[in-house]
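Report on one structure; see the data block that follows.
Throughout, read-outs are computed from the coordinates displayed, never taken from laboratory work. Predicted model, so just to flag it, every value in this text is computed and none were measured. FYI the Cβ positions are ideal-geometry reconstructions off the backbone, even for glycines, and counts take in every protein chain you see.
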Amino acid sequence: MRIIICENYEELSEKGAEFFKAQVTLKPDSVLGLATGGTPVGLYKKLIEYNKNGSLDFSRVTSFNLDEYYPIAPDNDQSYRYFMNENLFDHVNIDKTRTYVPDGLAKDPEAQCKAYEALLEEKGPVDIQLLGIGRNGHIGFNEPDEKLNAVTHITGLTESTVEANARFFADISQVPTKALTMGIGTILKSKKIVMLISGKEKHEVLSELLNDDITTKNPATLLKVHPDVVIICDKAAYEG
Ligand code: PGA
């Protein structure tokens, strides 16, 4: 794993965005793996800026998001489909029919997960995957556990994740307790992985990631087996 330490969130967002810009410049029909949460918002703002000033063209890009709450409607303003539309897709020249997010309303969630994994096999591999990290080390919604899933699956959210995500909802009781998420194996199939880590509340998990061995108790440590992972963090996360 390579680590880039930035002065602040602004610099982290710009550095991260540069990786995506370079990827699409070199390969205009790239498959991007995208993430939600507070951390990538600044990176998406930069990508919108590049698209508006003509230096980044999304017209041939395909994208796959890591996860989606379950159950949730795509037009619910807390869904990850809604988040992606608001924070990126509605502002750039991407063909929305090629932006994939797991279907939070699927009648048969297991079948939806299988179909999502199959679609990734067909259109992938992901050229560059963006990741955030939970305070408990989760990536996507792969929460710490004795065993981790290799492929896309439906999962329950831990109490700490429900609490962390409650800030986006009117009330904690409204936070969905399940999600559809790519598995660890799905994520590791990406050719390149860029992980953004910002803020002092992520210091502990970042230290664990850098210093500890691989453990399913911190799912992000599984990234250590991948040959091309770049961690972009700010000083607040690095120094605590
Ligand atoms: P955050 O979420 O960027 O909102 O901290 C990261 C994550 O839970 O993966």
Are there GluC sites (Glu not before Pro) in the range 122-183 that DSSP marks as loop and that have at most 11 other Cβ atoms within 10 Å, and which are they?
-> Glu146
Loop-located GluC sites (Glu not before Pro) in the range 1-33, at most 10 other Cβ atoms within 10 Å (DSSP) | Glu7
Per principal axis, descending, Cα span of the range 1-129 in whole Å | 44, 32, 28
Can you give the extra length, in nm with one decimal, that the chain gains between Asp213 and Asn76 once fully stretched, where that is 0.36 nm per residue apart less the Cα-Cα distance?
-> 45.4 nm
Over all pairs of different Cα atoms in the range 146-196, the reciprocal of the mean inverse distance gives a Kirkwood radius in Å of 12.7
Counting DSSP beta bridges with both partners in the range 125-218, what percentage is antiparallel, nearest 5?
-> 60
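What percent antiparallel are the DSSP beta bridges of the range 1-142, to the nearest 5?
For the range 1-142, the DSSP antiparallel bridge percentage is about 10.
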Looking at the chain, send over the antiparallel percent of its DSSP beta bridges, to the nearest 5.
-> 30
Placing each pseudo-label 7 Å from Cα in the direction of the beta carbon, Ile5 and Leu119 end up separated by a distance in nanometres of 4.1
Taking the Cα-to-Cβ direction at Asp95 and at Glu159 and moving 7 Å from each Cα, how far apart do the two end points lie in nm?
-> 4.8
Under a point spin-label approximation (7 Å from Cα along Cα-to-Cβ), what is the Asp57-Asp29 distance to one decimal in nm?
-> 1.4
Put +1 on the Cβ of each Lys and Arg and -1 on the Cβ of each Asp and Glu in the range 1-153; which of Thr152, Met1, Gly134 then has its Cα farthest toward the positive end of the dipole?
-> Met1
Rg/Rg_ref, the range 89-240, where Rg_ref = 2.2 N^0.38 Å and atoms are Cα = 1.07
With the charge dipole of the range 40-95 built from beta-carbon charges (+1 for Lys and Arg, -1 for Asp and Glu) about the Cα centre, the Cα from Leu66, Tyr44, Gln78 projecting farthest to the positive end belongs to Tyr44
State the extension gain, in nm to one decimal, for the chain segment bounded by Lys192 and Asp145, taking 0.36 nm per residue of separation less the distance between their alpha-carbons.
-> 14.4 nm
Neighbour cut-off at most 13 other Cβ (10 Å), DSSP loop, trypsin sites (Lys or Arg not before Pro), the range 105-144 = Lys107
Rounded to whole Hz and in sequence order, give me ³J(HN,Hα) for the range 136-151 from the Karplus expression 6.51 cos²θ - 1.76 cosθ + 1.60, θ = phi - 60°, writing x for Gly and Pro.
-> 9, x, 5, 10, x, 10, 7, 7, x, 6, 5, 10, 10, 7, 7, 10
Using 1/(1 + (r/R0)^6) with R0 = 30 angstrom and r between the beta carbons of Glu239 and Ala22, what's the FRET efficiency to the nearest 0.05?
-> 0.60
